[in-house]
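The values are calculated or read from the model by the stated rules, or taken from the named source; none is laboratory data. Just so you know, these numbers come straight off a predicted model, no measurement behind them. Cβ atoms come from the backbone with ideal geometry, glycine included; neighbour counts cover every protein chain shown.
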Amino acid sequence: HTLMIITMILAMVLYFMASMIINELVDRYMLEGQTIELMWTIAPAVILLFITTPSLRLLYLMDEIHNPIMTIKTIGHQWYWSYEYSDFVNVEFDSYMTPYESDNKSMFRLLETDNHVTLPMHSFIRIIVTAADVLHSWTIPSLGIKADATPGRLNQSSFMINRPGLLYGQCSEICGANHSFMPIVIESVSTESFIEWIK
Amino acid sequence: MKGFSLASMKSHPSLIPLYVCVALGCSGAVLYTIRLAVRSPEVSWNKKSNPEPWNEYANKQHKFYSPVRDYSNIESPAPKYD
């Protein structure tokens, strides 16, 4: 069915092309319309400039980091994430995926980890992502954040969480056999709970 | 074909915006590549005289457009390893 449509369209286009090439008649009013060509090149260019300027400004503004209250570092390994909170006390831990228990219906398959990244809500947080061995990518889709973890390079991103709860993400850059099995869980808590936890 | 040389452009003035846009695009690409080569904070042409090229941007602005903060007044918050 699809092939028939494709064949019909192709035959029609080939017929038009052939008739144009074979045709020796010339419409003497259609060629050499220099003024109109000039106009319909310059006018869209100007319109596009009007679209670009606020768009570029917004792009730069979106990237700004506004006074984060803390910085967390995340390092991608094969095949787990490790997190470091070095601002006040030195907290470091690894976060491995918990294997799925088929009789525990309250846990998500392939998304749960043993250690959650606990973070305070309503606070601007800067995250620095890197990797220890191969490329990984740290992402939390519900926060709209994704940053590639490249060995030898620090990538900075920032976010603010506005609600408490658990936010999930998965490694987004193929990194070997267990690439699908290194999830990320952010546990967003109130600032008091966070201070309790980090002690 | 007409329109490709400077003289025949007078008979095809509608090609001028095309040449302008293509020239702008090409020069933008070339100039940005040169900027990456000489001003990027990660490129070091001479490892002995410039082993850590990112230190040059501790007080300078690398971005094209920064409406939020003035980079000449603030120190980079990264730790120093001297």
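Does B:V30 satisfy the condition of being farther than 22 Å from A:D63 by Cβ, among the hydrophobic types (A, V, I, L, M, F, W, C), surrounded by 10 or more Cβ atoms within 10 Å (Cβ to Cβ) and away from chain A (no Cβ under 14 Å)? Break it down stepwise before answering.
Numbers: farther than 22 Å from A:D63 by Cβ: yes; among the hydrophobic types (A, V, I, L, M, F, W, C): yes; surrounded by 10 or more Cβ atoms within 10 Å (Cβ to Cβ): yes; away from chain A (no Cβ under 14 Å): yes.
Considered against the rule, which asks whether it is farther than 22 Å from A:D63 by Cβ, among the hydrophobic types (A, V, I, L, M, F, W, C), surrounded by 10 or more Cβ atoms within 10 Å (Cβ to Cβ) and away from chain A (no Cβ under 14 Å), B:V30 comes out as yes.
B:P41: surrounded by 10 or more Cβ atoms within 10 Å (Cβ to Cβ) and within 11 Å of another protein chain (Cβ to nearest Cβ), yes or no?
No, not satisfied.
Only one of these conditions is not met by A:D87: (1) at pLDDT below 90; (2) over 15 Å from A:W197 (Cβ atoms); (3) of a type in the set (D, E, K, R). Which number is it?
Exception for A:D87: condition (2).
Suppose we filter A:S106, A:S95, A:S193 for residues that are surrounded by 13 or more Cβ atoms within 10 Å (Cβ to Cβ), more than 20 Å from A:I75 (Cα to Cα) and either more than 21 Å from the chain's Cα centre (by Cα) or free of Cβ contacts under 8 Å to residues at least 60 places away in the same chain (or both); which single one remains?
That would be A:S193, the only listed residue that is surrounded by 13 or more Cβ atoms within 10 Å (Cβ to Cβ), more than 20 Å from A:I75 (Cα to Cα) and either more than 21 Å from the chain's Cα centre (by Cα) or free of Cβ contacts under 8 Å to residues at least 60 places away in the same chain (or both).
Checking the conditions here, which among B:P51, B:P67 is in contact with a Leu (Cβ under 8 Å, 6 or more places away or on another chain), over 30 Å from A:M39 (Cβ atoms), assigned to a loop (DSSP other than H, G, I, E, B) and modelled with pLDDT of 75 or more?
B:P67
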